[in-house]
Amino acid sequence: MAAIEIKDIIKKENLVYGKTKILTDNIMHYCPGCSHGVIHKIVAEVIEELGIQEKTIGVSPVGCSVLAYNYLDIDWQQAAHGRAPALATATKRLLPDHYVFTYQGDGDLASIGTAEILHACNRGENITVIFVNNAIYGMTGGQMAPTTLMGMATATSPYGREAALHGYPLKITELIAQLPGVAYVTRQSVQTPAAVRKAKKAIKKGFENQDKKIGTSFIEIVSTCSSGWKLSPVDSNRWMEEHMFKFYPLGDLKDSERNSEEEYKKYIE
Amino acid sequence: MAKVRGAIDVDKELCKGCGVCITACPTHVIELAKQVNGKGYNYAYMENPEACIGCTNCAMVCPDSVITVYKITI
């Protein structure tokens, strides 16, 4: 059998996977191995698969992903720190036939934006929230976040997080799963191909829930910050599997096909 | 049995050499090059091209979407 050259395989007709057109050609400013890149990609792929590029509005936060509007070729809003759910509420109410999602980190959503996210979820706004949790403030240089694990060393907790001094890590996703307004709460990750597929499915479901008008969809993605954690990208993935998943177990926390009012009746019984 | 041959095309200049694709590859095709690209990163390349099965795992976990995957059945 004649040997097959690489150039015979690399042809347009043999293409099985390439960069989606929703992603722009701008070079991402993220550090090597940053989970944001993968999450941007799967959001873009979901938008392409659903064919909703013209009808999607993203709300970018403050944090590393503040420049998300440079990378996805859709309409964007940029919110003040933590206020993405408030802006998304207004956008969705003014343009109810559009798909609105917020893309927030843990410093944005779980700290300064706690009030906004809890009330937006409690009101059951028909938006999708993508919450990227890497247990650290990545953009500002690795300070302790509300989601930082116990004993984890950061720039502002160099001897590790202590309960007496810094309090306990916040499981915001578990808090949100209690609210009757939310339809879908899940926790995913993107460190392996299998995890990427599952996370993509979850994001797709989050967008599809906007059609059904059944309340907020909240997708947490446990991710890494190799620069903040001072590990290589591969080691951070391993560290995340060993330490983060114990405290932030993956899986669906709530998956409701009912609308919010029925859910509320169940809640008050 | 039909044999599958795959190949990846890495955009060398955009690769940041994070190495996530290397651990994702089930057939150990990818390695980091000794040379660096314009940004000073050791980019990923196919060290062992015969073993590639075009499974797209590497492209799926690539944070910078620099990997394009091709596949043929022979």
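The values are calculated or read from the model by the stated rules, or taken from the named source; none is laboratory data. These figures come from a predicted structure and were not determined experimentally. Cβ coordinates were reconstructed from backbone atoms using ideal geometry, including for glycine residues, and neighbour counts include every protein chain displayed. Calculation scope for accessible area: heavy atoms of the full protein, side chains included, ligands and nucleic acids excluded. Shrake-Rupley method; radii C 1.70, N 1.55, O 1.52, S 1.80 Å.
Per the listing A:ALA183, A:ALA202, the residue uniquely open to solvent by less than 20 Å² (accessible area, probe 1.4 Å) and in a helix (DSSP H, G or I) is A:ALA202.
Return the only residue of A:GLY63, A:GLY58 being in contact (Cβ under 8 Å) with a residue 60 or more places away in the chain and in contact with a helix residue (DSSP H, G or I) (Cβ under 8 Å, 6 or more places away or on another chain). Before the answer, list the steps.
Values: A:GLY58 fails: in contact (Cβ under 8 Å) with a residue 60 or more places away in the chain.
After applying the criteria, what remains is A:GLY63.
Does A:SER223 qualify as being touching a residue at least 60 places away in the same chain (Cβ under 8 Å), buried (at least 20 other Cβ atoms within 10 Å of the Cβ) and touching a His at 6+ places or on another chain (Cβ under 9 Å)? It is true that A:SER223 is touching a residue at least 60 places away in the same chain (Cβ under 8 Å), buried (at least 20 other Cβ atoms within 10 Å of the Cβ) and touching a His at 6+ places or on another chain (Cβ under 9 Å). Of everything in region B:38-60, what is closer than 19 Å to A:SER236 by Cβ and surrounded by fewer than 18 Cβ atoms within 10 Å (Cβ to Cβ)? Give them in sequence order. The answer is B:ASN42, and nothing else.
The residue that is nearest to the chain's Cα centre (by Cα), among those in region A:177-202 that are closer than 17 Å to A:ILE52 by Cβ and within 14 Å of chain B (Cβ to nearest Cβ), is A:LYS200. In region B:8-37, the residue that is surrounded by the fewest Cβ atoms within 10 Å (Cβ to Cβ) out of those that are aliphatic (A, V, I, L, M) and at the interface with chain A (Cβ under 8 Å from one of its Cβ atoms) is B:ILE22. Restricting attention to region A:166-173, does a residue exist that is under 24 Å from B:THR56 (Cβ atoms) and not acidic (Asp, Glu)? Within region A:166-173, none of the residues are under 24 Å from B:THR56 (Cβ atoms) and not acidic (Asp, Glu).
Within region A:235-245, not a single residue is under 23 Å from A:ASN122 (Cβ atoms), in a helix (DSSP H, G or I) and open to solvent by less than 20 Å² (accessible area, probe 1.4 Å). Across region A:32-51, the qualifying residues are those that are over 14 Å from A:PHE101 (Cβ atoms) and more than 13 Å from chain B (Cβ to nearest Cβ), and the one among them that is farthest from the chain's Cα centre (by Cα) is A:GLY51. Determine whether region A:145-164 contains at least one residue that is part of a strand (DSSP E or B) and more than 19 Å from A:TYR184 (Cα to Cα). Within region A:145-164 (the criterion being part of a strand (DSSP E or B) and more than 19 Å from A:TYR184 (Cα to Cα)), the answer is yes, since at least one residue qualifies. Within region A:153-174, the residues that satisfy the criterion of being in contact (Cβ under 8 Å) with a residue 40 or more places away in the chain and open to solvent by less than 60 Å² (accessible area, probe 1.4 Å) are A:THR154, A:PRO169, A:LEU170, A:ILE172, A:THR173, A:GLU174.
Restricted to helices (runs of 4 or more DSSP H) entirely inside region A:1-106, those with at least 1 residues that are within 30 Å of A:THR147 (Cα to Cα) and either open to solvent by less than 30 Å² (accessible area, probe 1.4 Å) or among the aromatic types (Phe, Trp, Tyr) (or both) are A:35-50, A:84-94.
Has region A:188-197 got at least one residue that is farther than 22 Å from A:PRO233 by Cα and either open to solvent by 20 Å² or more (accessible area, probe 1.4 Å) or at pLDDT below 95 (or both)?
no
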